[in-house]
Amino acid sequence: MTVNSFTSVSLHPPLVLFCADNRADTFSAVMSSHRFTVSILSEQQEAVSQRFALIGPQDTLYSTLNCGMGLGGIPYLKDSLAYLDCAVDNVVQAGDHHIIVGLVEHLELLNPGRPLMYFQSQYYHPGTLPPD
Ligand SMILES: Cc1cc2nc3c(=O)[nH]c(=O)nc-3n(C[C@H](O)[C@H](O)[C@H](O)COP(=O)(O)O)c2cc1C
């Protein structure tokens, strides 16, 4: 799924987190596999971001994208800027979301480029300022 709640937490050990809606399929999947990958999208991947934000069955989601297989068989997006491969370190219930903390076991820079940005419910490209 698409998330913008992703953030770094700790350097030693390397920990990151994201917040997952309790109803998201991704939340159940992460709870059963105890692993997740994070693909950092480039400014060319707005459509990919929108696609992973869609609700409903996504059987063909990965088969039509250029994917690699991370540790434990969790896919990642090869056309993204970078990916992180994480083992679940901690899960904290927080309202209608859970905070999922992951230990980064592998990090790979995949492609040069600029990141996709999302701010005030809109996508922005670096260099363009959001309106007041
Ligand atoms: C830019 C953007 C950021 C999002 N960030 C989050 C997030 O941080 N946490 C979350 O639970 N859902 C977030 N969503 C919504 C999920 O991507 C969406 O609910 C998705 O359908 C969940 O997919 P799943 O049920 O297959 O896991 C975001 C959506 C967009 C477009």
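The values are calculated or read from the model by the stated rules, or taken from the named source; none is laboratory data. Just so it is clear, the model here is predicted, and its values are computed rather than measured. Glycine gets a Cβ as well: all are built from the backbone with ideal geometry, and neighbour counts include every protein chain shown.
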request  = Specify the residue that is nearest to residue 9 (Cα to Cα); the eligible residues are those in the range 86-132 that are in contact with a Phe, Trp or Tyr (Cβ under 8 Å, 6 or more places away or on another chain) and modelled with pLDDT under 90.
outcome  = 124
inquiry  = I'd like to know if the range 34-44 contains one or more residues that are under 19 Å from residue 87 (Cα atoms), surrounded by fewer than 18 Cβ atoms within 10 Å (Cβ to Cβ) and among the small types (Gly, Ala, Ser).
reply    = no
task = Give the number of residues within the range 42-80 that are modelled with pLDDT of 85 or more and not in a strand (DSSP E or B).
result = 22
query = Taking into account only those residues within the range 77-99 that are within 15 Å of the ligand (Cβ to nearest atom) and within 19 Å of residue 48 (Cα to Cα), which is surrounded by the most Cβ atoms within 10 Å (Cβ to Cβ)?
reply = 80
task = Mind listing whichever residues of the range 42-56 are within 11 Å of the ligand (Cβ to nearest atom) and farther than 12 Å from residue 1 by Cα?
result = 46
inquiry  = With the condition being polar (S, T, N, Q) and within 12 Å of the ligand (Cβ to nearest atom), I'd like the strands (runs of 3 or more DSSP E) fully within the range 1-41 carrying at least 1 qualifying residues.
reply    = 7-10
